[in-house]
Structures are given as structure tokens and as C-alpha cells.
């Protein structure tokens, strides 16, 4: 079963060393949350220790891992984070992470923009299926 949460709190921040974004069921006392972090640069020690990838955490430090995200998919108001099998084990989740987003949340657009940048930097697919149109490569339509 997927790890699911309704994100009433969404945030992103950049401290010039790393970028962090999060989705939580409550701003002050969350019981369910997902945090994703990525350093702007990795040093030799990060590479040696396998810490040269995005960091994902679910609920507490014991449920965290560097890397292991296969894709991000944004479909309507749901963000699906597809996890590799070893990451599912590290995060103690069966399946993927499904985050239901509040469409009117003031931080949603900027947080998704940061997530797209992280996905691009990490060579992780960021998918956004379009249900209204089917566009071919030779089409001049831009959606």
C-alpha cells in the first residue's frame, strides 16, 4: 500500500547550501510528512559516502534515504513519488508516496517549481500527464 498524505502545509526554502521542500498534514504538529533536500554542490566526502543525491525523509530520521526516487508524477491534485525497492524498504513504505495537494495553497506553485528543478538536476523524470489533449511530436500545439 502506498504512503498517502493530504498536504495542508507545503513549503520550500533555500539557505544557499541546500534546497528543502516539504509536504505535511499540519504546519505545527504534523503526523505525516515528506521532506526532500538537495545540496547545491556535493564535495568528495558526499560522493564517497553516497550522499551526492537528493535526500528523502518520511516522518522521522529512521525513515530516510539518499537517492532511490524513480520519478515524480503530478496528476490533477496528486503528486506521486515513485520509489525504488530499496528506498521503499528504507522509508518503511509499501509502494510509492502519494501526496494530495491543495490547489489554492500559496506555496504550491513555487514548491513544484523547486521540485521540477531538483528532478532535472538529479535526472529524475517529472511527469505531468495531460488528459485533455493528445499531442504528437509533429504538432504545433503547445500546452
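Where a number appears in this text, it was derived from the coordinates with a stated rule and is not lab data. It should be emphasised that the depicted structure is a prediction, and the values quoted were computed from it without experimental measurement.
Principal axis analysis of the Cα atoms in the chain yields extents of 47, 36, 31 Å, listed in decreasing size.
At full extension, residue 78 and residue 49 could sit 7.1 nm farther apart than now, given 0.36 nm per residue minus the alpha carbon distance.
Return a whole-number percent for the relative contact order of the stretch 3-127, with Cα pairs under 8 Å and 6 or more residues apart as the contact set. Walk me through the intermediate numbers first.
Values: 247 pairs, mean separation 31.2, N = 125.
That works out to 25 percent.
Return one number: the angle in degrees, 0 to 90 and rounded to the nearest 10, between the long axis of the Cα atoms of helix 108-121 and the longest principal axis of the Cα atoms of the chain. On a 0 to 90 degree scale, this one is about 70. Full extension of the chain between residue 17 and residue 120 yields a length gain of 35.3 nm, computed as 0.36 nm times the residue separation minus the alpha carbon distance.
Only helices enter this figure: runs of n ≥ 4 DSSP H residues, each worth -39500 (n - 2.57), summed and divided by the residues of the chain, yield -5500 deg cm²/dmol at 222 nm to the nearest 500.
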